[in-house]
Amino acid sequence: MAIFFAGLSALMYGAADFCGGMATRKAHLAAVLASSQAIGLVVAVVASVAFGFRPAAPGDLVWGIVSGVCGTAGIAALYSALATTEVAVASPLAAVTGAVIPVALGVLAGERPGVAAWVGIVLGVSAIVLLTAGSSASHRQGAIRRAALLGVLAGLGFGLFFFAISKTSRSSGLWPLVAARVATVSLVTVFLLLTRKPVRLSRGSLPYVMLSGALDMGANIAFLLASRSGMLSISAAVAALYPGPTVILAWIVLRERVTAPRVIGLALALAGVALISA
């Protein structure tokens, strides 16, 4: 079941990123981020109540808050990179770092994936690089160094989110995700108040914002279930393949050209998941 939930989280993370990207074409990034995070909080509360679990222990809520802070830091670093630096440098580094960190921490915690799973993880990391590869229009060393730094910081935030949320107990249900999103919404609100960024959404962006927020929380729920039913190292490696669905949706909806590296990346991703499942 861990592979199923991790794969489901990758699909929803990828779809959420695509919808978020579409929303930012029609509204200010700050408004999209604040609104989508608030929608995710509502989804988390409703899902937690529907699951019927008793309230979580304080320790589980603390891990949830830590995961929310890490995830918010990752999003902030990635969005800053995508807005001001080399996308082709920052995006692959963020995705790969976000996969490697929880895999390494899982192994350090005593997890021992089999040989086939290790081969699948290596193929998955290679697939991430190919799926997020793009053309870089600028060769300015300063911009590239900044992109690399922000990409690594973003990946570190995402990887630590995966690790922190996996430390919560089964008995806590989904309440750690509620705590995580409360922390995220609080941080985003403080940022908006300090910077006075516009938070008004255009009518055309609203459906994409709603989908982005709901899908992102759905992906978090799926990953939490995956980490509780299998090894973190394997669940994180599969969930980190989220660029694949984003590429496919861009191809279907926006008619973006799918380059040869991305086709190879999709093939490697499928092969990697198959080996990990074996």
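A short reminder: the numbers here are calculations on the coordinates, not readings from a lab. Worth saying up front: this structure is predicted, and the values here are computed from it rather than measured. FYI the Cβ positions are ideal-geometry reconstructions off the backbone, even for glycines, and counts take in every protein chain you see.
Take the Cα of Ile264, step 7 Å toward its Cβ, do the same at Ala50, and the gap between the two points is 4.2 nm. Given R0 = 35 Å, the distance between the Cβ atoms of Ala57 and Ser229 translates into a calculated FRET efficiency of 0.95.
Which residue fluctuates the most in the chain, going by a Gaussian network model with Cα springs under 10 Å, if the choices are Phe223, Phe162, Phe51? Maximum among the listed residues: Phe51.
Largest mean-square fluctuation among Leu194, Leu232, Leu108, in a Gaussian network model of the chain whose springs join Cα atoms under 10 Å apart, belongs to Leu194. If R0 is 22 Å, the Cβ-Cβ spacing of Ala271 and Phe4 corresponds to a FRET efficiency of close to 0.80. The local environment of Ile65, defined by Cβ-Cβ distances under 14 Å, has a net charge of +1 under the rule Lys, Arg +1 and Asp, Glu -1. Using the Karplus relation 6.51 cos²θ - 1.76 cosθ + 1.60 with θ = phi - 60°, the per-residue 3J(HN,Hα) values for the range 262-274 come to 6, 4, 5, x, 4, 5, 5, 4, 5, 5, x, 5, 4 Hz, with x marking Gly and Pro.
Ranking of Arg228, Arg255, Arg262 by neighbouring Cβ atoms within 10 Å, starting from the fewest: Arg255, Arg228, Arg262.
Packing-based ranking of 198-209, 3-14, 21-32 yields 3-14, 21-32, 198-209, ordered from highest to lowest mean Cβ neighbour count within 10 Å. Derived scalar couplings between HN and Hα for the range 119-131 equal 4, x, 5, 4, 5, x, 5, 4, 5, 4, 4, 6, 5 Hz in order, rounded to whole Hz, by the Karplus curve 6.51 cos²θ - 1.76 cosθ + 1.60 (θ = phi - 60°), x for Gly and Pro. In the range 2-277, the alpha-carbon atoms span a convex hull of 125 Å³ per residue.
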